[in-house]
Each structure stands twice: as C-alpha cells, then as structure tokens.
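A quick write-up on the structure given underneath.
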Amino acid sequence: MNLQTEPAQSHTTDTYRPVDLSVVIPAYNEAENLPGLHAEVVDVCEAGGWSYEIIVVDDGSDDGTPAAVKALQPVTYIRLRRNFGQTSAMDCGIKHASGRYIVTMDGDGQNDPADIPALVKTLEEKEVDVVSGWRRNRRDGLRKRLASRAAARVRRVLINDGIHDSGCSLKIYRAECFRGISLFGEMHRFIPAVLKIKGFKIAELEVNHRPRRAGATKYTWKRGVKGLIDMVSVWFWHKYAVRPLHLLGGLGVLAILAGIIVSAVGIAFYIMNITLFRFFLPMLASFLLITGGQLFVFGLIADMLSRNYFQTSPDNAYSIAEVVRS
C-alpha cells in the first residue's frame with residue numbers, strides 16, 4: 001500500500017483531481033464500524049460508475065480508528081489533534097473534498113450507503129442543490145427518538161426549513177453549496193437551513209436507517225443543549241444577520257419610549273403630589289432610558305461587526321495533525 005503523509009495544514013481542493021463524488025465520513029472511536037462501512041461505500045460507488053473519493057475525518061479517536069482506516073484503500077484519512085466535535089470534523093472533510101457532489105454520512109454504519117444512488121438521482125432529477133435524508137423509521141433508543149422529535153418541533157417554529165429530519169447526517173450537496181461557508185458548534189444539523197437562507201434549493205428523501213452494529217452512541221444531553229443554542233443562532237442569522245441594528249436598535253427604541261412614558265407618569269404624579277412610587281418611577285425611567293441607549297449603541301456595533309464578517313473569512317475551529325491518502 002502506498003501511503004502519502006501530508007503536512008498538517010489547510011489547503012484548497014484545487015490541488016486535487018476533481019471527482020464525481022466525495023463521501024465525507026466524520027468518525028470518533030468507530031474502529032469496528034469503519035472497515036465494513038468503507039467496503040459498502042466502495043461497492044456502491046463502483047457499481048454507480050462514478051469517480052469518487054472517501055474522506056474519513058478522525059475526530060480525535062482514542063481507540064484503533066487510525067490503524068483501521070489507514071489499512072483501507074482508497075481513502076483519505078484526516079486526523080484531528082483532539083476531539084473537536086462532529087460539526088468541525090464534517091467541516092474539515094467538506095473543505096478537503098474535490099467532488100462535484102458531496103455526500104456526508106455517519107461513521108457508525110447506521111446510514112446505509114445503498115441510499116447514495118437514490119440521493120444522486122433525486123439531486124439531478126429535481127434539479128436541487130441539497131437532498132437531505134429522512135429516517136422515517138429510526139432504529140434508535142426511545143430517549144434519542146423523543147429528543148429528536150422535541151428538537152424537530154422547536155426547529156419548525158424557529159427556522160421552518162421544511163426538513164423532517166435535520167439530524168440525519170446522510171445528505172448530498174452540490175460542491176458550490178459550501179463556498180464561503182464554515183460550520184461550527186452543532187451546526188451540521190442545520191446545514192439545509194443555512195443553505196436555504198442563502199437561496200439554495202432543498203429536497204428530502206426517505207432513507208434506510210440501520211441499528212448500530214458496534215460501539216456506543218456519541219449522542220448526549222449536552223449535544224442536545226448545544227444543538228438548541230445553535231438553532232437559536234440560525235434563527236437569529238436568518239432574521240438579523242445582515243441587519244442586527246433592526247433587532248437591538250428596535251429593542252433600544254422601545255426601551256427609550258417606555259422610559260419616556262414612565263418619566264411622564266412620574267412627573268404627573270409629582271405635580272399631583274402623589275407620593276406613591278415617588279422613588280420607584282424615577283429609578284425605572286432611568287433604567288429604561290440607559291438600557292435603551294445601550295441597546296441602540298450595541299446594535300450599531302453589531303451592525304459594523306456584521307459588515308466586517310461578510311468581508312472576511314472566519315478561522316477554522318480545529319487543527320489538523322495529518323492527512324494520509326492511499
């Protein structure tokens with residue numbers, strides 16, 4: 001086997017030969033599942049007649065994942081220096097992909113590679129930019145299913161991306177979807193929503209969901225909380241990313257108006273010699289006026305930061321230790 005180790009640095013995909021399909025698999029402690037999953041992906045891609053690459057991003061595994069993946073061929077193995085999280089690993093794999101289409105899937109074997117041809121077909125026939133997998137019949141535990149349903153309801157209220165199962169990692173994208181986009185936090189769940197905000201066309205396809213063959217689930221309540229926070233972030237991004245002054249400035253104006261009203265009431269009480277709330281109303285009016293002014297100033301600052309963000313590229317949230325191609 002001819003292994004080539006590359007320096008741990010970021011690079012553009014322009015240095016690689018373009019392929020039809022890039023399959024990106026973030027993995028953390030999946031040594032038992034990856035060889036079988038890799039073989040399935042190879043069989044599907046060979047049967048489809050596509051030129052392809054398989055990118056496995058090792059998110060700081062401390063089991064036998066490095067040795068297991070390096071024994072595979074063909075594969076691009078990327079090892080992160082520590083566990084940065086699934087979103088960072090997926091972002092890293094996507095940025096190293098050279099395919100016209102990018103397929104993402106979990107490394108635990110629950111996503112079925114046999115669904116890839118249907119994803120490609122749907123992407124092309126419907127002329128969309130993203131096809132998101134929908135695990136209608138999930139093979140997860142009750143706790144995980146209930147948490148996903150609750151998150152789905154909150155997501156429909158906040159961002160309404162039209163996706164039943166945003167948590168399904170099995171998706172296909174056109175490569176241009178990720179130009180200028182960096183993922184962070186638990187944002188991999190909301191990629192379709194982010195892309196829809198930017199005007200890309202989204203479709204959904206029912207996919208097979210298999211029980212985990214080996215290893216333990218990496219989903220915890222902490223990831224659920226982080227996902228909820230990131231959902232709020234996506235909502236804010238959708239509503240106010242390019243106009244934060246409308247939100248903060250609007251709240252500031254409302255607080256100032258409320259302060260003026262309270263001041264007027266306090267003055268009226270003073271003129272009528274009403275001692276009730278003599279000290280409370282001036283304090284409340286001062287608080288509202290000062291808070292309103294601060295919110296408006298914060299809105300101006302946020303507006304300037306937003307403009308600066310859209311003119312610069314954000315740093316990556318991870319550090320690569322090595323890239324091995326075989």
Taking amide H atoms as placed 1.01 Å from N in the peptide plane, list the residues 5 or more away in sequence, or in a different chain, whose amide H sits under 5 Å from that of residue 24. 55, 103, 104, 105
Taking amide H positions as placed in the peptide plane 1.01 Å from N, state which residues far from residue 201 in sequence (5 or more) or on other chains have amide H under 5 Å from it. 129, 130
Once both labels are modelled 7 Å past Cα along the beta-carbon direction, what's the residue 176-residue 322 spacing in nm? 3.8
Cβ density ranking, 10 Å radius, fewest first, applied to 177, 45, 92 yields 177, 45, 92
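Can you give the FRET efficiency to the nearest 0.05 for residue 81 and residue 270, using r as the Cβ-Cβ distance and R₀ = 41 Å?
Details: r = 65 Å, r/R0 = 1.60.
FRET efficiency, residue 81 to residue 270: 0.05.
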If amide H atoms are built 1.01 Å from N in the plane of the peptide, which residues on other chains or at least 5 residues away come under 5 Å of the amide H of residue 208? 112
Would you mind putting 101-114, 188-201 in packing order, based on average other-beta-carbon counts within 10 Å, highest first? 101-114, 188-201
Which entries in the list 95/126; 121/201; 126/196; 95/201; 95/121 go over 19 Å, if you measure between the two C-alpha atoms of each? 95/126; 95/201; 95/121
To the nearest Å, what is the center-to-center distance of region 51-75 and region 174-210, using C-alpha atoms only? 23
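Here, each number is a calculation from the coordinates, and none is a lab measurement. For clarity, every value in this text was computed on a predicted model and none was experimentally measured. Reconstructed Cβ throughout: ideal geometry from the backbone, glycine too, with neighbour counts over all protein chains shown.
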